[in-house]
Amino acid sequence: MCIVESVLKIALAFLMFAISPSATNSSISAGSSLTPVTGTVTRVSSVVGGDADLPCDSSPPQYNDSLLLVVWYRDDNPVYSYDTRVQGPSAHWTDDAFAERARWLGMPNSALHLSNVQSRDQATYRCRVDFQVSPTRNYRIALDIIELPGKPVIFDEYGKEIYDVAGPYFEGSDFKLVCSVNGGNPIPRVQWLQGETVLTTLGVGEIQRGPTWSLTLLITNATRTHYATVYTCTADNTLLAPPQQSSIRVDLYLRPLTVEIISREQPLSAGRKAEIWCKSAGARPPVTITWWLGGNKLHFETKQQIEMKDGNETQSLLQWTPLKEHNGQILACRAEHTKFNQSTIESRLNLNIYYIPIATMHFSTKINPNDIEEGDDVYFGCEVDANPPAYKVVWEHNDVLLQNNLSNGVILKGYTNLALRNVSRHQAGKYTCTASNVEGDRKSPPLHLQIVYKPLCRRNEIQLISAALQEPSIIECEVDGFPPPDTFQWTFNNSAGSIKIDSDRFSIDASAGKSVLTYLPVSEIDYGTVYCRATNLAGQQISPCVYTLLPATKNDPPTNCTVYNHTHDSLDLMCLAAQESWEVNWAVGGVLGAACTVALILCLALNATRLRHRSRNYEVTKEVSKNQKNTPQKRQSSDDRNPDLIPLNKGVDCPPDPPHYSTVVKKQEAKNSNGAHSLASTQTSSNPLSPLSHHSECQVDRSAINGTARLHREIVTTRTPLLAAHQESCV
């Protein structure tokens with residue numbers, strides 16, 4: 001293979017000689033004698049891995065001349081050529097030694113550029129330049145390759161490699177630093193520097209043979225000034241590249257000189273974040289700063305930050321939230337050095353902590369809070385713990401501010417005492433006192449005043465319940481009382497009498513003060529009034545909770561139902577909803593019904609009284625039977641300012657007959673909850689006057705004036721004591 005390459009190189013050289021117009025003047029080929037070379041040798045230097053430009057002037061000496069060929073030789077062997085007569089990349093040829101690292105730079109640079117220079121590239125190169133007319137030129141270029149030394153490695157006196165920090169050494173001790181440099185051609189220069197100052201240099205007499213050179217730096221009697229001093233070892237052998245260097249920093253052990261709590265602003269506020277700085281100077285390495293409160297070391301509440309200044313100062317930041325309990329305690333900052341015995345020093349601060357008042361309510365010692373009844377006197381106290389002292393204390397009952405009111409039995413004594421005279425159940429609830437100082441306001445935990453009283457209905461009005469036959473109805477009885485009721489009693493009452501309901505018909509939730517009755521009316525006689533009474537330790541409920549059961553109406557069934565989309569397993573059914581039955585607004589209807597019933601009863605009673613006393617002012621002529629006696633008419637005095645009967649318009653036709661009472665009752669069923677009750681249809685001996693008897697009397701009276709008798713009627717109005725304040729009622 002080597003023989004083939006040599007043959008190819010000889011052939012290339014011969015070809016170059018043959019095509020050159022100046023070949024008649026000189027003959028250059030591998031291994032042949034060289035023609036005289038003009039000029040001197042040019043030296044070019046480059047570091048390993050760098051770039052190098054080998055200059056070669058290719059400018060034609062004559063204006064009518066041009067460059068034909070440039071050939072580079074190493075040790076008389078061609079390694080690169082550039083032919084201007086060939087177009088494209090083929091104009092360049094390079095030897096395998098250069099491969100892709102060599103490239104000809106034409107005018108105006110005229111140089112062979114080598115990239116990624118290697119140590120094997122060091123040699124003397126010859127550049128041959130052929131022109132169209134002018135004679136051939138030859139140049140010599142010596143390429144020097146510089147091998148940089150390795151990065152210095154620093155060791156201590158025990159042969160341990162030092163990377164960044166040397167030591168730590170004790171103040172006053174001696175120590176050595178050894179710098180070792182490997183490689184480098186030419187031999188590197190090794191130096192120790194402090195900043196820009198050269199401390200020592202590897203001398204000629206100290207040059208060792210071999211690939212490694214060492215230089216030792218000795219420091220005696222180390223002082224505080226040596227702490228954090230940076231020493232640098234450098235190695236260089238050319239100006240083409242910066243020196244190789246390694247640096248270390250010296251660490252010394254130094255005792256702490258001072259410690260001081262810097263921020264002493266007082267007072268501090270409890271619950272608010274405070275920042276307190278403590279500074280220690282003179283200790284190296286940094287001392288351990290710890291914080292102590294009341295003789296106890298702070299752990300979870302401490303966030304420490306260390307800061308170095310001027311080489312010998314350590315600062316610690318205590319980010320801390322003081323509490324009320326810390327008031328009056330001692331806060332200490334301690335600087336501790338583990339390398340020196342008995343080196344701990346500390347600074348102290350007496351704490352003054354402001355905090356929001358803490359209020360606590362309590363009953364008087366003579367009061368049993370579990371045995372307070374209506375009419376008793378109750379006394380409260382409010383204890384306040386505050387720094388600075390509280391300037392105001394206010395009292396609240398159920399979050400409503402209390403004012404001094406002797407007439408209502410509310411007495412405020414100073415800031416810390418409250419008296420309630422002759423308490424009622426409405427004064428039960430939670431009581432609080434709120435104390436205020438410059439830090440803020442704080443309310444005490446509520447103190448509950450419980451007053452013993454018998455159960456009371458939560459809803460005082462009579463509740464109307466619509467119940468359908470054969471359908472269960474739920475009746476809820478809710479009461480308030482203290483202590484909560486433990487038993488309930490239900491009774492049912494109608495015209496037939498009063499019945500006590502069995503306990504298995506209702507449930508009891510004593511804690512909620514509630515009992516639930518499930519009632520199922522079977523017939524009309526099952527409608528009536530239900531009473532609920534609860535009992536607690538104070539006794540049985542005085543006024544029961546009342547519920548009136550009324551029959552419920554039902555809606556008509558749907559009409560005009562149509563079936564469509566009928567399949568073997570489904571169908572669609574559409575119906576018109578029936579017109580809803582008129583439902584009773586029991587609340588409004590009950591009130592209106594009761595008012596109408598009272599008015600009707602009053603009118604009927606007054607009319608019956610008038611008929612009984614024959615106090616009409618009719619003029620009637622009829623035959624008198626022998627058994628009848630003439631009864632003198634009662635005449636109204638013309639001076640009576642408030643007559644029972646007042647003539648209005650004589651000669652007016654008689655108004656139409658009133659409807660039958662049964663008709664009136666039937667129409668009232670949908671509007672009057674009282675009229676709907678079946679009890680109204682049952683007459684007892686206690687009824688002074690039944691509606692039917694009154695109607696019969698009216699008919700008899702009307703029939704008595706039939707016949708040939710001349711009838712004269714008048715429309716009258718009547719006043720009653722119950723209606724004295726209202727417009728007169730027409731009867």
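The values are calculated or read from the model by the stated rules, or taken from the named source; none is laboratory data. Since we're looking at a predicted model, the values are computed, not measured. For neighbour counting, all protein chains shown are included, and Cβ atoms are generated from backbone atoms with ideal geometry for every residue, glycine included.
Consider region 169-198. How many of its residues are out of contact with any Leu (no Cβ under 6 Å at 6 or more places or on another chain) and in contact (Cβ under 8 Å) with a residue 12 or more places away in the chain? Of the residues in that region, 20 qualify. Of the residues examined, Tyr80 is one that is buried (at least 20 other Cβ atoms within 10 Å of the Cβ) and without any contact (Cβ under 8 Å) to a residue 40 or more places away in the chain. When Thr338, Thr434, Thr416, Thr344 are checked against the criterion of being under 30 Å from Lys273 (Cβ atoms), in contact (Cβ under 8 Å) with a residue 24 or more places away in the chain and polar (S, T, N, Q), a single residue qualifies: Thr434.
Considering only residues of region 416-471 that are of a type in the set (Val, Ile, Thr) and in contact with a Phe, Trp or Tyr (Cβ under 6 Å, 6 or more places away or on another chain), which is farthest from Cys382 (Cα to Cα)? Filtering first and then ranking leaves Ile465.
Residues in region 278-323 that are surrounded by fewer than 16 Cβ atoms within 10 Å (Cβ to Cβ) and of a type in the set (Lys, Arg) were compared, and the one that is modelled with the highest pLDDT is Lys297.
From (1) touching a strand residue (DSSP E or B) at 6+ places or on another chain (Cβ under 9 Å); (2) at pLDDT below 90, pick out the condition that doesn't hold for Val204. Status for Val204: all satisfied but (1). Could you check, for region 327-338, whether at least one of its residues is farther than 25 Å from Gly429 by Cβ and under 34 Å from the mean Cα position of the chain (by Cα)? Within region 327-338 (the criterion being farther than 25 Å from Gly429 by Cβ and under 34 Å from the mean Cα position of the chain (by Cα)), the answer is yes, since at least one residue qualifies.
For Pro357, the conditions (1) in a loop (DSSP other than H, G, I, E, B); (2) within 30 Å of Gly328 (Cβ to Cβ) are fulfilled apart from (1). Please tell me if Glu275 is within 30 Å of Pro322 (Cα to Cα), at pLDDT below 90 and either surrounded by 15 or more Cβ atoms within 10 Å (Cβ to Cβ) or under 53 Å from the mean Cα position of the chain (by Cα) (or both). Taking the combined requirement at face value, the residue satisfies it.
Where strands (runs of 3 or more DSSP E) fall entirely within region 111-160, those with at least 1 residues that are of a type in the set (Asp, Glu) are at 123-131, 137-146, 153-156. Restricting attention to region 477-501, the residues that are loosely packed, with under 14 Cβ neighbours inside 10 Å and more than 16 Å from Thr535 (Cα to Cα) add up to 4. In this structure, Ser247 does not qualify as at pLDDT below 90 and not aromatic (Phe, Trp, Tyr).
One line per residue, one yes/no per condition, for (1) among the basic types (Lys, Arg); (2) touching a Lys or Arg at 6+ places or on another chain (Cβ under 7 Å); (3) modelled with pLDDT under 90; (4) not assigned by TED's automatic domain parsing to the domain that holds Val41:
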| position | (1), (2), (3), (4) |
| --- | --- |
| Ala142 | no, yes, no, no |
| Glu157 | no, yes, no, yes |
| Ile162 | no, no, no, yes |
| Gly167 | no, no, no, yes |
| Glu171 | no, yes, yes, yes |
| Lys176 | yes, no, no, yes |
| Cys179 | no, no, no, yes |
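So which residues in region 392-409 are crowded, with 17+ Cβ neighbours inside 10 Å and touching a helix residue (DSSP H, G or I) at 6+ places or on another chain (Cβ under 9 Å)? The one that is crowded, with 17+ Cβ neighbours inside 10 Å and touching a helix residue (DSSP H, G or I) at 6+ places or on another chain (Cβ under 9 Å): His397.
When Cys545, Cys561, Cys596 are checked against the criterion of being under 28 Å from Ile474 (Cα atoms) and either over 53 Å from the mean Cα position of the chain (by Cα) or modelled with pLDDT of 80 or more (or both), a single residue qualifies: Cys545. For region 505-527, check the following and say yes or no: at least one residue is in contact (Cβ under 8 Å) with a residue 60 or more places away in the chain and in contact with a His (Cβ under 7 Å, 6 or more places away or on another chain). Checked against the condition, which is being in contact (Cβ under 8 Å) with a residue 60 or more places away in the chain and in contact with a His (Cβ under 7 Å, 6 or more places away or on another chain), region 505-527 yields at least one hit.
Taking the condition within 18 Å of Leu550 (Cβ to Cβ), more than 50 Å from the chain's Cα centre (by Cα), touching a residue at least 24 places away in the same chain (Cβ under 8 Å) and not assigned by TED's automatic domain parsing to the domain that holds Glu373, does Gly539 pass? Against the criterion (within 18 Å of Leu550 (Cβ to Cβ), more than 50 Å from the chain's Cα centre (by Cα), touching a residue at least 24 places away in the same chain (Cβ under 8 Å) and not assigned by TED's automatic domain parsing to the domain that holds Glu373), Gly539 does not qualify.
Please give the strands (runs of 3 or more DSSP E) falling wholly within region 369-488 in which 1 or more residues are closer than 30 Å to His326 by Cβ.
378-387, 392-397, 429-437, 440-443, 447-449
For the condition more than 30 Å from Ser280 (Cβ to Cβ), surrounded by fewer than 17 Cβ atoms within 10 Å (Cβ to Cβ), under 42 Å from the mean Cα position of the chain (by Cα) and touching a residue at least 12 places away in the same chain (Cβ under 8 Å), Ile358 qualifies. For region 161-173, filtered to residues that are small (Gly, Ala, Ser) and assigned to a strand (DSSP E or B), the residue that is surrounded by the most Cβ atoms within 10 Å (Cβ to Cβ) is Ala166. Selection of region 224-241 for residues being part of a strand (DSSP E or B), surrounded by fewer than 21 Cβ atoms within 10 Å (Cβ to Cβ) and in contact with a Ser or Thr (Cβ under 8 Å, 6 or more places away or on another chain) yields Val230, Thr232. The residues in region 247-270 that are within 30 Å of Thr216 (Cα to Cα) and in a strand (DSSP E or B) can be counted, and the count is 8.
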